[in-house]
């Protein structure tokens, strides 16, 4: 199935979907969505459109039931599954909006990086789905998947097939790999909670090309990356795949844009596509749940620039990265799946004014002065907007209205927003190095690298205080950081390092948490904070180093070499024993760990 460049005019709903896929601003996306949902008469009619597959059928049904027929606005966090139209490779151009004009600019669909149709664009964005590897020579591909039950060895999954959906050509001169499709893998014996052996692997890689610079300097640079493994049940039926197409004039701003549609013969438009995360001719991949604490390992051959900081929904992580050649690395991530807390909140439109922060937040999503926000509040219908993982302002505005959901939500994924403005220490350890990996079960978390200030690495998270059963929701945070990067950042020598991990509540008080420093191993340090509570704590990690004791032998103690040895003696690695102490200051207690832990200034050891 190729990329279609046929220009058409589409409905407001398809226009909304096109904006969501083309990666435009949240304001434009929500405006288009609001226009559609504001005049949607019933929940059942919201679900019949074949061009709008939902991420999670059960979650979507719950949303519709919760809102009933009351004109309302809803939000929450569930880290919804991708939709079939998301997992498509495509190249899109970008031309900024003209001065003095409202809009988002033109975004034509490009058949290739050198397509004459996109000759006048300022930027080309490549949204690529990474295909499986088919030979040892392949690069930028999925090499393998392994899965294992809790406490059991991993077993290698076998590639079933790569989906037959949109693909995009490579351009070696410009540094652009080929865009492929998602893939389905089968485990030999480990079934998931859906009682099947199938797992979907969806790896996305985003590239950008700046066409306004000199042609000799133009190269595609990676800017985003995400990898996810999802248990699936493969359903047969009159399903069709999706394709990307271009819109000559969208219905809101009258600009060139892109959207997605079903493509194929014999499509049944009454099939609930919202139950699928992937579709192709005759098949649907419906998401299921991992068995609790399933262990997963994913091996990728990736662009060497896809390094830096990674972030994930997983725990007990083991990362390995090796160089394949000058431009590519092999990245293997092994970790245990985590069960995430999700939440849902609704407010009637007529009551929105009672929540000042939320009212102002919603108002900012609309262009000022055009009256459409007021019309939207007065109109019937509902709108739902899932908050992103890094949206602290939206979480704060909605927090008092959101209720936790009881369902399991087992996930395994990791990714990165690639920062090309490297810190000095990142540059020193080399471009082919992974700097660190941050994982947490917090529903909301900062998607950037931990901030380094005042001698501490700080990381902000947020979530609900209680679970659906009324028990406290306990947070976990794990940081794996390269030893050479940490030493460079702090200016440390090779002497042992100790750490203190503190969790500051939003009111400024310090929580009593269990902390641990795992001894340096294979060039990595691993730290964690467990059992902290929410709603919006800040985690601070401080590394310190005692003055090293000189072990240089005197001249008389130095051995005299009389002859070269046949074989070098093996080097003995000394494991550092980690101690944990409790430090008290008033009502505040901290745990400090290390080879020789000491309480911070003002604290006494208990």
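Quick notes on this structure:
- Among the residues of the range 125-157, those that are farther than 30 Å from residue 104 by Cα and not in a loop (DSSP other than H, G, I, E, B) comprise 132, 141, 142, 143, 144, 145, 146, 147, 148, 155, 156.
- For residue 266, the conditions (1) without any contact (Cβ under 8 Å) to a residue 40 or more places away in the chain; (2) within 24 Å of residue 115 (Cβ to Cβ) are fulfilled apart from (2).
- Whichever residue in the range 191-217 is free of Cβ contacts under 8 Å to residues at least 60 places away in the same chain and touching a strand residue (DSSP E or B) at 6+ places or on another chain (Cβ under 6 Å) and, among such residues, is surrounded by the most Cβ atoms within 10 Å (Cβ to Cβ): 199
- Within the range 98-124, being surrounded by fewer than 22 Cβ atoms within 10 Å (Cβ to Cβ), touching a residue at least 12 places away in the same chain (Cβ under 8 Å) and assigned to a loop (DSSP other than H, G, I, E, B) holds for 102, 103, 104, 105, 111, 112, 114, 115, 120, 122.
- So residue 252, is it farther than 27 Å from residue 181 by Cβ and touching a helix residue (DSSP H, G or I) at 6+ places or on another chain (Cβ under 9 Å): yes
- Some residue of the range 341-361 being within 19 Å of the chain's Cα centre (by Cα), crowded, with 16+ Cβ neighbours inside 10 Å and in a strand (DSSP E or B): yes
Since every read-out is calculated from the coordinates, none of them should be taken as a lab result. None of the values given here were measured: they were computed from a predicted structure. All Cβ positions, even for glycine, are placed from backbone atoms using ideal geometry, and neighbour counts span all protein chains on display.
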